[in-house]
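Structure record follows, encoded as structure tokens.
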Amino acid sequence: MKTKVSLQGITKSFGKTPVLSGIELNLAEGCFLSIVGPSGSGKTTLLRIIAGFLSPDRGKVFIDGKDVTMEPPRNRGIGMVFQHYALFPNLTVYENVAFGLRARKLPESETKRRVERMLALVHLEEKAQSYPRELSGGQQQRVALARALAVEPGLLLLDEPLSALDAKVRLELRYELKRIQEEMGITTIYVTHDQEEALSISDLVAVLSRGTLAQLGKPEEVYSQPQTHFVAEFIGISTILEVEVISAREGKFRFQDMVLQGKSIIEDVTRVSVMLRPEHLSVWRKGERVVSNHNWNILEGKVLGQVFLGSLLRLAIAVGNTTFLVDVQNKVENRFRSGEEVEIGFPPEVVHYLYREEV
């Protein structure tokens, strides 16, 4: 079963501290939504309101068109997986997964069918008679997921389910989770502090800032076309320049004492911010530039240092009093010395303008 979710004006405070303010959200059947934001932005509070563990001060929650704002969790048709697995230590894997089904008094034959299907889905068939203490953290989280899915919920809610795991296991389970979600076609809302995780597995990403919805969009839109300074700085790595507009129609702007070229500026403003992602910038040793395209923007700078990122190197390059971050392939020819004079280049089409102040 697939489920639609609609949030209308969700507002919540704890005492005098506002946590959520006017959240509006519509989620289609079978969609995978990730909610991201810094600590204190209201991610988990919003998820708990959707689940029915908290009530909003104002606003309504609709599931499949039904107002469930005042309904308890058991009446919402949800499955939930928490950061800490919350497995019953005295029950086997099989019994943990069967727990919700037996509570619903399903026939044992149907319970057995569903448990076996769920254990096969999470690749834990051989662990059916094991106890939680005999499993790794990743395996325990798979059991928690199987238990949530066994009751065939219309909506799956996950509250940072991978954050307690080590990096390699998190990466493996990230793609397993997406595979299972796509296979079952279940509507899913996923809270995470890991931006890369959210971008890699989601159909939509909701970015919360101080209890408001700063941006909602497809992962590539949120990354490449952030709507505010906050989203540009929170999602991924970027260099943000404060510039003066010279010609909005021609997309010309002044940075320091240079006139640079971007796309047309669509709003009638004299000052904007320019966002540049590190993978969109190129760098050359001074005098070795090979780009001949006349419309590229070229700036001179000095290398401040570099950070090893596996297959990539991230260079910090000073242009005047501004530091640019540039990602290059980890090759011998791309290893620069601190203090080395270089040129940075980027074409007009990679320039992204930020018109509005931070939410």
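No value in this document is a laboratory result; all are computed from the given coordinates. Fair warning: this is a prediction, and the values are worked out from it, not measured in the lab. Using ideal geometry, Cβ is built from the backbone for each residue, glycine included, and neighbour counts are taken over all protein chains shown.
Does the range 237-354 come out rounded, prolate or oblate by the C-alpha gyration tensor, with a ≥ b ≥ c the root eigenvalues, rounded set by a/c under 1.5 and, if not, prolate when a/b is larger than b/c and oblate if not? Intermediate values should be presented prior to the final figure.
Values: a/c = 2.03, a/b = 1.87, b/c = 1.09.
Because a/c hits 1.5 or more and a/b exceeds b/c, the range 237-354 counts as prolate.
If we count every other residue with Cβ under 9 angstrom of V81's Cβ, Lys/Arg +1 and Asp/Glu -1, where does the sum land? Could the numbers behind the result be given before it?
Working: positive: R147; negative: D159.
Here the count lands on 0.
On a full-extension model of 0.36 nm per residue, what is the gain between Q225 and S13, subtracting their alpha-carbon distance, rounded to one decimal in nm? Write out the running numbers ahead of the final one.
On the way: separation 212, 0.36 × 212 = 76.32 nm, distance 3.07 nm.
Gain on stretching Q225 to S13: 73.2 nm.
Give me the distance between the Cα centres of the range 50-90 and the range 258-284, rounded to whole Å.
44
Could you pull out the trypsin sites (Lys or Arg not before Pro) across the range 222-319 that fall in loop regions by DSSP (anything but H, G, I, E, B) with no more than 12 other Cβ atoms inside 10 Å?
Numbers: sites: R249, K252, R254, K263, R271, R285, K286, R289, K302, R314; in loops: R249, K263, K286, R289.
Passing sites in the range 222-319 are R249, K286.
Dividing the convex hull volume of the Cα atoms of the range 1-79 by its residue count, what figure in Å³ per residue is obtained?
Working: hull volume 7.2 nm³, N = 79.
Residue-normalised Cα hull volume stands at 92 Å³.
So which of K43/K105; K12/K178; K2/K218; K12/K105; K4/K178; K43/K66 end up more than 25 Å apart, counting from Cα to Cα? Show your work: numbers first, answer last.
Details: K43/K105 34 Å; K12/K178 30 Å; K2/K218 20 Å; K12/K105 36 Å; K4/K178 18 Å; K43/K66 23 Å.
Too far apart for the 25 Å limit: K43/K105; K12/K178; K12/K105.
List, largest first, the extents of the alpha carbons of the range 5-225 along their principal axes, each in whole Å.
47, 37, 31
When the C-alpha atoms of the range 172-268 are aligned to their principal axes, what extent does each axis show, in angstrom, from largest down?
54, 26, 24
Give the Debye-formula value of log10 I(q)/I(0) at each listed q (0.23, 0.24, 0.29 Å⁻¹), with one equal scatterer per alpha carbon of the range 279-334, two decimals each.
-1.01, -1.08, -1.35
Going toward the positive end of the dipole of the chain, with +1 on Lys and Arg Cβ and -1 on Asp and Glu Cβ, which of Q256, V19, H352 do you reach last?
Of Q256, V19, H352, it is V19.
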